[in-house]
Amino acid sequence: MPDASTDGPVATVKAGFSLPVAGVFLQGTVQVPAGRTTLTQLLPIIQNFENVIVGRVAEEAQRAGTPISCRAGCGACCRQLVPLNIFEAEALTGWMHTLPEAQQAALAERFHRALSALRDAGVIDKILNNEHVIEEGPMTQLAIDYFHAGVACPFLENESCAIHPIRPLACREYLVVSPPELCQDPSVNDVRGVQLPLKLSRVLHTFGQEIAQDPRGWIPLVFLLAWARGGQRPGELVAGTGEEVLRRFLDKAAEMARAEKE
Ligand code: SF4
């Protein structure tokens, strides 16, 4: 039986986890809410899992003599199309609503400018065309066109991520080992990255595909404010006790890890 405890106003329980990563299992326990919990509310735990996976991969890259070259203050990759799963979109929307009004307005202005620039570059129409987002060839071309539009992520400030602790999983998973200057144009330079054994963003995309009946399960980060206006709460559709939701996530992750090995 899990230990029940109270952490501030939210009662929590200890839940065991086991996550398959590159032939080994990350194992341990985490505190999860005892009562009704949504997948969106478990995001901080999922982000911590991702940080551990990324940390292990970074150690392996270091041992192999190809250390991760990403550094604070380098925002070259923050001009790419960032797939934001709808649970992260819900969490970021909630976070933005906690900001002072002036800060919300400044962010809204940055999103507006980014969308306008992408529209002028002809990229928005391609994003809205599912064919460009689902099929590999058109998706690659869309990624190149998006990057060449040179539009920075609205959360990029002075070439650093203003939401670093809560940044999307896709941003955590982008790990480069080639010289950082090559990232100035990945479409012509040989930018080499590290493949994660298990991308937790893809696990969440799968939940998103199922509940939104959307072939993507994610939105481009730059669409966040437009998406938020719909008032959607996707996490409500993957809910239960904290332990139940964590189990559903871990089962899906294990299933996807097995499928990748086959
Ligand atoms: S969320 Fe942060 S890390 Fe991700 S693209 Fe935007 S600025 Fe970069």
Exercise for review: Please label the shape of the range 145-262 as rounded, prolate or oblate, based on the square roots a ≥ b ≥ c of the eigenvalues of the alpha-carbon gyration tensor (a/c under 1.5 means rounded; beyond that, a/b larger than b/c means prolate, else oblate).
Suggested key: oblate
Review point. Long-range amide H contacts for Val82: which residues qualify at under 5 Å (H placed 1.01 Å from N, peptide plane, sequence gap of 5 or more or a different chain)?
Key: Leu221, Val222
Exercise for review: Please list 70-83, 180-193 highest first by mean number of surrounding beta-carbon atoms within 10 Å per residue.
Suggested key: 70-83, 180-193
Practice item. Compute the long axis of helix 101-120 from its Cα atoms, compare it with the longest principal axis of the Cα atoms of the chain, and write down the angle in degrees, 0 to 90, nearest 10. Key: 50
Review point. Where does the chain land at 222 nm, in deg cm²/dmol rounded to the nearest 500, when only DSSP H runs of n ≥ 4 count, each adding -39500 (n - 2.57), divided by all residues?
Key: -14000 deg cm²/dmol
Revision key, fill the gap. With all protein chains present, the range 4-261 has a carbon and sulfur share of its accessible area (1.4 Å probe) in percent of 52
Review point. Which log10 I(q)/I(0) values, to two decimals, does the chain give at q = 0.09, 0.11, 0.13, 0.17 Å⁻¹ under the Debye formula with one point per Cα?
Key: -0.43, -0.66, -0.93, -1.55
Check your understanding: When only DSSP loop residues count, what chymotrypsin sites (Phe, Trp or Tyr not before Pro) in the range 206-262 have their Cβ near at most 12 other Cβ atoms within 10 Å?
Key -> none
**Study point:** Vicinal HN-Hα couplings computed from phi for the range 233-239 (Karplus, 6.51 cos²θ - 1.76 cosθ + 1.60; Hz; Gly/Pro x)
**Key:** 10, x, x, 4, 8, 10, 9
Check your understanding: Ordering Phe147, Phe25 by how much accessible area each has at a 1.4 Å probe, largest first, what is the list?
Key -> Phe25, Phe147
Study note, to complete from the structure: Computed over the chain: longest principal axis from alpha-carbon atoms vs helix 200-212 long axis, angle to nearest 10 degrees, is 90
Practice item. Please calculate how many Å² of accessible area the range 4-261 carries per residue, with a 1.4 Å probe and no DNA, RNA or ligand atoms counted. Key: 51
Review point. Under 22 Å from the Cα of Lys261, which lysines turn up, not counting those fewer than eight places away in the same chain?
Key: Lys199, Lys252
Check your understanding: At a Förster radius of 41 Å, what calculated FRET efficiency corresponds to the Cβ-Cβ distance of Glu159 and Gln31, to the nearest 0.05?
Key -> 0.70
Revision key, fill the gap. The range 195-262 and the range 68-115 have their Cα centres apart by a whole-number Å value of 19
Review point. Taking Cα pairs under 8 Å and at least six residues apart, what relative contact order does the chain come out at, in percent?
Key: 31
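The values are calculated or read from the model by the stated rules, or taken from the named source; none is laboratory data. This structure is a prediction, so every number in the text was calculated from the model and none was measured. Glycine gets a Cβ as well: all are built from the backbone with ideal geometry, and neighbour counts include every protein chain shown. Side chains are part of the model used for accessible areas, which takes the heavy atoms of the whole protein and leaves out ligands, DNA and RNA. Shrake-Rupley method; radii C 1.70, N 1.55, O 1.52, S 1.80 Å.
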